[in-house]
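Only the coordinates and a few stated rules stand behind these numbers; no lab work does. As the structure is a prediction and not an experimental result, all values here were calculated from the model. Virtual Cβ from ideal backbone geometry, glycine too; neighbours counted across all protein chains shown.
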Amino acid sequence: MIKKHHLKITSYLNAGHAIRWKDTTGKIHIHTWQIICMIGTLDALTFPQYKFTTIEKVLDEVLEPFSQSTLNHIPPFDQLNPTIENFTDYLFDRFNEALKKLDCQLLSLEVSESPTRTCVITAL
């Protein structure tokens with residue numbers, strides 16, 4: 001039997017946003033975003049080679065600019081509508097880029113703005 005290991009890391013981020021509609025912008029409101037990363041390695045023979053804290057630090061560096069802020073005030077969301085879908089897409093790309101330095105890859109990302117609203121991206 002072949003086993004494949006993954007690491008699942010959950011982070012939380014307190015940040016607000018205001019959705020831009022066709023002719024108006026909604027009110028700024030705060031979420032405690034739940035961010036769940038499923039992480040694999042580019043080299044299956046050496047996994048797991050990093051402590052959770054090492055990977056968490058890399059993920060936290062991506063999240064730090066958004067902590068205790070309003071997404072609308074931080075690039076690219078000063079121009080891009082800060083919907084949960086756009087935020088998830090942005091984080092997926094940034095996390096994956098950062099994890100490559102550790103020879104890891106992001107397999108899936110779940111971003112929730114509430115217990116009932118989650119956006120999921122899975123690598124193919």
Based only on other Cβ atoms within 10 Å, what is the fewest-to-most ordering of LEU91, LEU59, LEU107? LEU107, LEU59, LEU91
In the chain, lysine pairs closer than 27 Å at Cα, eight or more apart or cross-chain: 16
Nearest 10 degrees, 0 to 90: what angle lies between the long axis of helix 84-100 and the longest principal axis of the chain (Cα atoms)? 30 degrees
Provide the convex hull volume over Cα atoms per residue for segment 47-108, in Å³. 84 Å³
Computed [θ] at 222 nm, deg cm²/dmol, the chain (DSSP H ≥ 4; -39,500 (n - 2.57); rounded to nearest 500): -7500 deg cm²/dmol
Would you mind telling me the antiparallel percentage of the DSSP bridges in the chain, rounded to 5? 95 percent
Once both axes come from the Cα atoms, what is the angle between helix 52-63 and the longest principal axis of the chain, in degrees from 0 to 90, rounded to 10? 30 degrees
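How much space per residue, in cubic angstrom, does the convex hull of the C-alpha atoms of the chain take up?
Details: hull volume 14.3 nm³, N = 124.
In the chain, the Cα hull volume divided by residue count equals 116 Å³.
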